[in-house]
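Engineer: One structure, as structure tokens, below. Some questions next.
Just so you know, all these numbers are worked out from the coordinates, no wet-lab data involved. Note that this is a predicted model, so its numbers are computed, not measured. Don't worry about glycine lacking a Cβ; one is built from the backbone with ideal geometry, like all the others, and counts go over all protein chains shown.
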Amino acid sequence: MENHPNAHLLQMGEWGELKKDFGWKPLRFILNNKTGAQILFRRLPLGLTLGYMPKPVDGGQWAVDGEQFWVEVDSICKKNHAIFLKVEPDVWAEEFHLPPSAFRLSSHNIQPPRTIVISIKENEETILAKMKPKCRYNIRLAEKKGVTVRAWDDIQAFHEMMTVTGGRDNFGVHSKEYYQRAYELFHPRGTCELLVAEYEGKPLASLMVFASGKRAWYVYGASNDRERNRMPAYLLQWDAIRWAKARGCEEYDLWGVPDENEETLESNFESRHDGLWGVYRFKRGFGGEVKRAAQALDRVYNPLLYWAYLHFIGNK
């Protein structure tokens, strides 16, 4: 990983350790001291597993000319009785070339494929100027109305806030232990920060932001129902962007919007609130570019059981 300083968050060893505590088995290998990968295995009935390789290094070329790489991957997967391996390439869809027939284009992504990426190379004034006017207004309004942002470590309160947000916006929430473990693994290395927006000492909104190399990701965010007219989430997100910029990051990934093209997103965001539509309305305000990751790929080792998984297990 030291040879790949811009590797994706999901290939970091800490991410594998996090998933290990919550049902996955991480395995890593290094090839010729140049490349390698972290693979996660999830147990299935009868001693079988499914493999998951999220965002491997080296962009998309590994899928085309990495024969030795894939020989090693296949060996590891077969030793772990994997029915198939799901790979989510760390490359944008428009830059990706479909690999040889050993892969099947998957119908299912684990991570949200479409996102908004903000360039934060420029100075703060330029970043602000590229935002929607209403978003800039809300950031300044929060400051004028006495909202402040600081680093935080109250995981219990963060989880309670996440639970409120999940119930309000209808999305799943991890356990308190999950967020605690993520914080314990990443924060000491300086690759994660938990920020809270407060008014008169009362927490209103919070988020957990991660960084690796030149990239940062807004992964978890929450707000309660207090003082929402003070727009705390806008100032909070702006401070997270500033934190990422101070670490030397050049991109800030808002991590997940509805999987539709930009024209559809823009024509529907005011009328739809299901799924990720509710967060798109908020995220679009910060400017940035709507991007889609390459579609997930499946590398199948047992075609019959793969078919059974897709039809009876994978859809649950």
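Engineer: If packing is taken as the mean number of other Cβ atoms within 10 Å per residue, what is the order of 217-228, 144-155, highest first?
Structural biologist: Averaged packing, sorted descending, gives the order 217-228, 144-155.
Engineer: Please get the size of the charge dipole for the range 10-81, origin at its Cα centre, with Cβ charges of +1 on Lys and Arg and -1 on Asp and Glu, quoted in debye to the nearest 20.
Structural biologist: 340
Engineer: Right, something else. What ranking do W70, W238 get, fewest neighbouring Cβ atoms within 10 angstrom at the top?
Structural biologist: Least to most surrounded, the residues fall as W70, W238.
Engineer: Farthest toward the dipole's positive end in the chain, which of M131, Y218, Y179, given Cβ charges of +1 (Lys, Arg) and -1 (Asp, Glu) about the Cα centre?
Structural biologist: Y179
Engineer: While we're on this one: To the nearest 10 degrees, how steep is helix 155-169 against the longest Cα principal axis of the chain, on a 0 to 90 scale?
Structural biologist: Relative to the chain, helix 155-169 is tipped by roughly 90 degrees.
Engineer: Order 43-49, 112-118 from most to least packed using the mean count of other Cβ atoms within 10 Å.
Structural biologist: Working: 43-49: 12.3, 112-118: 19.7.
Output ranking for 43-49, 112-118: 112-118, 43-49.
Engineer: If you don't mind, there's one more thing I want to ask. What whole number of Å gives the distance from the Cα centroid of the range 242-265 to the Cα centroid of the range 1-72?
Structural biologist: Here the two parts' Cα centres lie 24 Å apart.
Engineer: How large is ³J(HN,Hα) for each residue in the range 19-32, as worked out from phi by the Karplus curve 6.51 cos²θ - 1.76 cosθ + 1.60 (θ = phi - 60°), to whole Hz, x for Gly and Pro?
Structural biologist: After applying 6.51 cos²θ - 1.76 cosθ + 1.60, I find 5, 4, 7, 9, x, 10, 10, x, 10, 10, 9, 10, 10, 6 Hz.
Engineer: How high is the relative contact order of the chain, in percent, with contacts defined as C-alpha pairs under 8 Å that are six or more residues apart?
Structural biologist: Relative contact order for the chain comes out at 25 percent.
Engineer: Taking the Cβ of A37 as the centre, find all other residues whose Cβ is under 9 Å away and add up their charges (Lys, Arg: +1; Asp, Glu: -1).
Structural biologist: Here the count lands on 0.
Engineer: Also: Find out how many positive minus negative residues lie around L50, taking Lys and Arg as positive, Asp and Glu as negative, among other residues whose Cβ is under 9 Å from that of L50.
Structural biologist: Local charge sum for L50: +3.
Engineer: A follow-up question, please. By count of other Cβ within 10 Å, fewest leading, how are K176, K78 ordered?
Structural biologist: K78, K176
Engineer: Measure nothing but the geometry: give the 0 to 90° angle between the long axis through the Cα atoms of 232-246 and the longest principal axis through the Cα atoms of the chain, rounded to 10°.
Structural biologist: 60
Engineer: For the range 120-257, what is the charge dipole size about the Cα centre, in debye to the nearest 20, if Lys and Arg each add +1 at the Cβ and Asp and Glu each add -1 at the Cβ?
Structural biologist: The dipole of the range 120-257 has a size of about 440 debye.
Engineer: Now, a different point. For the range 114-292, what is the relative contact order in percent, using Cα pairs closer than 8 Å and at least 6 residues apart in sequence?
Structural biologist: In percent, rounded to a whole number, it is 37.
Engineer: Would you mind estimating how fast the range 114-292 diffuses translationally, via Stokes-Einstein at 25 °C and 0.890 mPa s with the Kirkwood radius over Cα pairs, in µm²/s?
Structural biologist: Stokes-Einstein gives a translational diffusion coefficient of 149 µm²/s.
Engineer: I would also like to ask the following. Would you be so kind as to identify which of L31, P5, L18 lies farthest towards the positive end of the dipole of the range 1-95, taking Lys and Arg as +1 and Asp and Glu as -1 on Cβ and the Cα centre as origin?
Structural biologist: L18
Engineer: Please arrange S101, S206, S212, S107 by counting, for each residue, the other beta carbons lying within 10 Å of its beta carbon, fewest first. All intermediate terms of the calculation are to be shown ahead of the outcome.
Structural biologist: Working: S101 6, S206 28, S212 25, S107 11.
So the ranking, lowest neighbour count to highest, is S101, S107, S212, S206.
Engineer: From the cross-link list K19/K132; K176/K245; K19/K121; K34/K214, which pairs have alpha carbons spaced over 25 Å apart? Display every interim value, and only then the final one.
Structural biologist: Details: K19/K132 37 Å; K176/K245 28 Å; K19/K121 32 Å; K34/K214 20 Å.
Over 25 Å apart, Cα to Cα: K19/K132; K176/K245; K19/K121.
Engineer: Then there is this: Treating only the Cβ atoms of Lys and Arg (+1) and Asp and Glu (-1) as charged, compute the dipole magnitude of the chain about its Cα centre; round to the nearest 20 debye.
Structural biologist: Using Cβ point charges on Lys, Arg, Asp and Glu, the chain gives about 460 debye.
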